[in-house]
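Everything on this sheet refers to the single structure shown next.
The values are calculated or read from the model by the stated rules, or taken from the named source; none is laboratory data. Because the structure is predicted, anything quoted here is derived from the model rather than measured. Here the Cβ is made from the backbone with ideal geometry for all residues, glycine too, and neighbour counts use every protein chain on show.
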Amino acid sequence: MNVLTVENISKSFRGLKAVSNASFEIPEGTINALIGPNGAGKTTIFNIIAGIFPPDSGSISFGGRPVHGLRPHEICAAGIGRTFQIVKPFAGLTVLENVMVGGFLRESTTEGARAVAMQVLERLQLAPKRDLPASALTLPDRKRLEVARALATRPTLLLLDEVMAGLRPTECDQMVEVFRGLNREGLTILLIEHVMRAVMALARYVGVLHHGEVIARGTPQEIVRNPAVLESYLGEDTEL
Amino acid sequence: MSRAQASLAVLGAALVAFPFIAGNYALSVATLILYFAYTGQAWNVMMGFAGQLSLGHALYVGVGAYAAAGLFYHYGLGPWAGLWLAILLCVAMGLIVGFLAFRFGISGVYFALLTIAFAEFTRIGFDHLDWLGGPGGLFLKVAQRDTWDLANFRGPPLMYYYAMLALCFLALLLCSRLLGSKAGYYWQAIREDEEAAQALGINTFRWKMLAVAISSAMTAVSGVFFAFYYNNLFPEQIFHISRSIEIILGPIIGGIGTLFGPILGAALLTLLSDGITDGLAALGWEIPGIKQVFYGVVLLAVIMFLPNGVWPYIAKRLKL
């Protein structure tokens with residue numbers, strides 16, 4: 001059963017094709033990665049799924065219902081959570097308050113939202129920092145905060161936009177563990193990632209984008225042996 | 001009871017007891033402070049909580065004032081009826097401004113300009129509305145100073161003082177409730193980063209409209225008070241942009257987005273500016289415009305030294 005089905009979506013900006021005829025499916029309960037060189041259209045696809053802008057053509061269905069053209073808050077309410085590549089903390093609020101904002105989507109009381117937020121913060125090891133202003137966090141913690149906020153909306157599908165970038169290898173491994181745990185509990189994940197270490201460790205399926213087109217799809221093992229992928233992105237001598 | 005609650009209880013008791021020790025002049029200054037504290041609190045819901053800068057809040061004061069005054073002047077209806085008309089009209093105006101701005105993605109400085117424009121249109125409109133006195137003004141019969149006529153809100157200065165005190169208290173209660181609820185969290189999220197707020201499932205259009213509705217409804221009540229306290233209304237004065245600026249100086253100086261900033265800011269500004277004007281007058285110097293110069297200096301000083309306002313600084317010092 002596919003949670004998300006993307007069919008033939010295209011998007012141009014002032015005549016420049018950012019995404020062209022991209023199609024893929026995300027099976028329920030899996031971790032999937034979208035990789036590709038800079039400017040390949042990864043973030044554009046994310047933004048289309050998240051409702052930032054509609055696709056020029058093509059369709060997206062989530063849980064069996066069409067969601068292309070919905071606005072970002074409707075997408076989130078439907079059950080797709082997302083993080084931003086360039087983190088967007090609510091700087092004037094504390095860490096706990098940041099996550100509570102997400103918690104209010106499915107909890108109408110302050111106590112309820114706080115309980116959800118605390119759960120998520122524990123999970124991401126941010127609980128000791130809950131009373132700090134978000135502006136005081138380091139970049140790795142801000143990345144965690146992005147994830148925490150999205151998780152507090154209780155998504156069924158989580159879109160992660162380069163959450164590993166800038167993390168040290170040990171921090172990266174910690175995040176991998178967090179996502180594995182969430183996935184075991186049933187969360188479906190789609191990540192855009194440059195850090196191949198994380199992709200190889202996490203993803204069951206990988207799609208490769210190049211110039212806005214999906215040039216390869218398969219398991220990580222298949223992808224790293226695919227000649228087209230090696231040429232366009234990973235390079236002949238990639239060590240994994 | 002926490003330290004903050006205890007301090008608030010003491011302050012409240014002092015304000016209730018204040019008229020018994022104060023003379024008429026002190027009472028009128030205190031009423032003015034409370035008026036600005038309340039109106040600043042109303043503005044703060046929109047700007048401080050939800051991050052939508054209105055530079056045209058005189059619009060709601062004016063429309064609220066004229067609505068209630070018009071009903072009283074023409075039909076003898078007291079402000080308890082006028083209040084509802086005032087709120088209805090002001091919320092409608094607020095929602096029109098909000099709809100135009102938020103629906104078409106007008107934000108920041110452009111939103112502020114739109115709010116000024118609406119206040120100005122309305123001022124010009126009222127200049128041509130002879131039914132409400134036009135540019136010559138609308139005058140209510142001055143109150144009997146010795147009897148309390150609550151039904152028509154006519155009475156001694158003491159009555160106006162207590163009315164304003166009650167309004168301040170209710171506004172503080174309402175704002176504190178709002179800030180701690182889903183609405184408060186959502187507004188602050190929108191203020192900090194609207195795109196991130198949307199990604200967390202917040203329908204930012206709807207929540208911003210709610211902030212405008214609450215803020216304009218609260219400000220409408222200021223207008224009704226204004227009409228029955230001062231008894232004369234001129235479009236050139238009540239809708240003037242300097243009135244809008246006066247409303248927002250208190251919260252800016254006291255601390256935007258805080259609960260006590262608008263109250264503290266109103267007290268500081270009114271006391272200091274009246275103090276300076278009176279002090280200079282006592283020395284025999286009448287300097288026109290000194291109040292405006294003073295506002296400018298205080299604003300500069302606060303922006304330079306306490307950019308978050310005076311209240312956050314004091315709250316930290318007092319560990320409240």
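Taking interchain pairs and intrachain pairs at least six residues apart, which have beta carbon atoms under 8 angstrom, with the first residue in region A:1-29 and at negative phi and the second among the aliphatic types (A, V, I, L, M) and surrounded by fewer than 16 Cβ atoms within 10 Å (Cβ to Cβ)?
A:Pro27/A:Met1; A:Glu28/A:Met1
Residues in region B:194-204: is at least one within 30 Å of B:Ser28 (Cβ to Cβ) and buried (at least 19 other Cβ atoms within 10 Å of the Cβ)?
no
Being within 14 Å of chain A (Cβ to nearest Cβ), assigned to a helix (DSSP H, G or I) and surrounded by 15 or more Cβ atoms within 10 Å (Cβ to Cβ): is that true of B:Phe126 here?
No: the conditions fail for B:Phe126.
Among A:Ala113, A:Ala150, A:Ala91, which is the only one that is part of a helix (DSSP H, G or I), over 27 Å from A:Glu25 (Cβ atoms) and within 14 Å of another protein chain (Cβ to nearest Cβ)?
A:Ala113
Residues of region A:116-128 being of a type in the set (Gly, Ala, Ser) and within 14 Å of chain B (Cβ to nearest Cβ), which ones?
Residue satisfying the conditions is A:Ala117 alone.
For (1) closer than 26 Å to B:Lys182 by Cβ; (2) surrounded by 17 or more Cβ atoms within 10 Å (Cβ to Cβ), each residue gets a yes or a no:
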residue: A:Val95; (1), (2): yes, yes
residue: A:Gly102; (1), (2): yes, yes
residue: A:Arg123; (1), (2): yes, no
residue: A:Leu126; (1), (2): yes, yes
residue: A:Ala134; (1), (2): yes, yes
residue: A:Val163; (1), (2): no, yes
residue: A:Cys172; (1), (2): no, yes
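Looking at region A:52-80, which of the residues that are in contact with a Pro (Cβ under 9 Å, 6 or more places away or on another chain), buried (at least 21 other Cβ atoms within 10 Å of the Cβ) and more than 8 Å from chain B (Cβ to nearest Cβ) is farthest from A:Leu4 (Cα to Cα)?
A:Ile80
Please report, ordered by residue number, the helices (runs of 4 or more DSSP H) entirely within region B:147-264 with at least 3 residues that are within 14 Å of chain A (Cβ to nearest Cβ).
Where helices (runs of 4 or more DSSP H) fall fully within region B:147-264 and carry at least 3 residues being within 14 Å of chain A (Cβ to nearest Cβ), they are B:157-179, B:182-192, B:194-199, B:204-230.
For A:Arg14, state whether it is surrounded by fewer than 19 Cβ atoms within 10 Å (Cβ to Cβ) and either more than 23 Å from A:Leu105 (Cα to Cα) or outside the structural domain of A:Gly181 (by TED's automatic domain parsing) (or both).
Yes.
How many residues does region B:205-226 contain that are crowded, with 24+ Cβ neighbours inside 10 Å and in contact with a Gly (Cβ under 9 Å, 6 or more places away or on another chain)?
So the count comes out to 12.
Conditions: (1) in a helix (DSSP H, G or I); (2) without any contact (Cβ under 8 Å) to a residue 60 or more places away in the chain; (3) farther than 21 Å from A:Ala216 by Cα. A:Ile48 meets all but one. Number of the miss?
Against the list (1) in a helix (DSSP H, G or I); (2) without any contact (Cβ under 8 Å) to a residue 60 or more places away in the chain; (3) farther than 21 Å from A:Ala216 by Cα, A:Ile48 comes up short only on (3).
Residue-by-condition table, conditions (1) in a helix (DSSP H, G or I); (2) crowded, with 20+ Cβ neighbours inside 10 Å; (3) under 21 Å from the mean Cα position of the chain (by Cα):
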residue: B:Ala4; (1), (2), (3): yes, no, no
residue: B:Ala26; (1), (2), (3): yes, no, yes
residue: B:Ile33; (1), (2), (3): yes, yes, yes
residue: B:Ala37; (1), (2), (3): yes, yes, yes
residue: B:Gly40; (1), (2), (3): yes, yes, yes
residue: B:Val45; (1), (2), (3): yes, yes, yes
residue: B:Ser54; (1), (2), (3): no, yes, yes
residue: B:Ala67; (1), (2), (3): yes, yes, yes
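Step by step: first the residues of region B:129-162, then only those that are surrounded by fewer than 17 Cβ atoms within 10 Å (Cβ to Cβ) and touching an Asp or Glu at 6+ places or on another chain (Cβ under 8 Å), then the one that is farthest from B:Leu71 (Cα to Cα). Which residue is that?
Among those that are surrounded by fewer than 17 Cβ atoms within 10 Å (Cβ to Cβ) and touching an Asp or Glu at 6+ places or on another chain (Cβ under 8 Å), it is B:Pro156.
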